[in-house]
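Heads up: the structure comes next, in structure tokens.
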Amino acid sequence: MNRRLASLLVLVGVLPGVSAVSLFPTVARAQTTRARTSTKAAPVAAPTPPAAPTPPPAYEYTFVTRQGPEEDLVELQRLGEEGWQVVSTVVVDGSTRRYVLMRCKQPEPTPH
């Protein structure tokens, strides 16, 4: 290969790179900026402390003695509106029956 052809090939290879810098200055600037900023160490964030464990839910319980179907229904509906749920029924002394109710413990009202 003669020297003239070699010089022409080098010129053809270099020309697009040089013209790209003048035609697309923002691309060239972004590449040089990225190269400069990538050598810097990223700031190390302080480790966040682990979150405090949530306390287990607290429940309160109550009993309701069965009266009769209509009275029981009215009482259980009233208690259901207050957040109580029937979790069991209990037979006491072979004849008396009770409903066992449970709800999440209500926060104590603060005195004014």
**OP:** Decide, for the stretch 59-101, between rounded, prolate and oblate: order the square roots of the alpha carbon gyration tensor eigenvalues as a ≥ b ≥ c, take rounded if a/c falls under 1.5, and otherwise choose prolate if a/b is larger than b/c, else oblate.
**Re:** oblate
**OP:** Run the numbers on the stretch 52-101 and let me know its relative contact order in percent, using alpha-carbon pairs under 8 Å that are six or more apart.
**Re:** 43
Original post:
What does the accessible area of L101 come to, in Å² to the nearest 10, when a probe of 1.4 Å is used?
Top reply: 0
Original post:
Would you list D93, D72 from the most to the least accessible area, probe 1.4 Å?
Top reply: D93, D72
Original post:
Once amide H atoms are built 1.01 Å from N in the peptide plane, which residues 5 or more positions from R97, or in another chain, come under 5 Å H to H?
Top reply: R66, V92
Original post:
From the phi of every residue in the stretch 98-105, what ³J(HN,Hα) in whole Hz does the Karplus formula 6.51 cos²θ - 1.76 cosθ + 1.60 yield, where θ is phi - 60° and glycine or proline is x?
Top reply: 10, 8, 9, 10, 9, 8, 5, 4
Original post:
R98 versus R78, label points 7 Å from Cα toward the beta carbon: distance in nm?
Top reply: 1.9
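The values are calculated or read from the model by the stated rules, or taken from the named source; none is laboratory data. From a predicted model like this one, the values you see are computed outputs, not experimental measurements. Quick reminder, even Gly has a Cβ in these numbers, built from the backbone with ideal geometry, and neighbours come from all protein chains shown. Side chains are part of the model used for accessible areas, which takes the heavy atoms of the whole protein and leaves out ligands, DNA and RNA. Shrake-Rupley method; radii C 1.70, N 1.55, O 1.52, S 1.80 Å.
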